[in-house]
Amino acid sequence: QVQLVESGGGLVQAGGSLRLSCAASGRIFSINVMEWYRQTPGKQRELVARIFTGGTTNYADSVKGRFTISRDNAKNTVYLQMDSLKPEDTAAYYCHFVPGNYWGQGTQVTVSS
């Protein structure tokens, strides 16, 4: 079992920044993938960013150049630095851990115009 605890969401004005954190604990394989997804009501959860143990990253086109995913392997923690936020970034953000398909509880990000 892997437990994921997210933090860092909140309310911010358009153009502002937020940093999300997700700390993993439990039976963590040394080789893994940590991801951030987001979801708005009535829509499917979508992948925002992904980072592999070695540091390779992938981003959704909608956040490239504005969001940065990083990780601290010693702390089993993944971060999502979100800059130049837009109202359309408003969503519940979820941390996801692979292998095992574990999800965090979600943290709300609201961007006001």
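Read-outs throughout are calculated quantities, based only on the coordinates presented, and are distinct from any laboratory measurement. Since the model is a prediction, treat every value here as computed from it, not as a measurement.
Here are a few things to note about the model shown:
- Here the Karplus relation 6.51 cos²θ - 1.76 cosθ + 1.60, evaluated at θ = phi - 60°, turns the backbone of the range 48-59 into coupling constants of 9, 7, 9, 9, 8, 3, x, x, 4, 10, 9, 9 Hz, with x for every Gly and Pro.
- Stretch gain in nm, segment SER7-ARG66, where the contour uses 0.36 nm per residue and the Cα spacing is subtracted: 19.3 nm
- Straight Cα distances below 19 angstrom link LYS64 to the lysines LYS86, with same-chain residues fewer than 8 positions distant left out.
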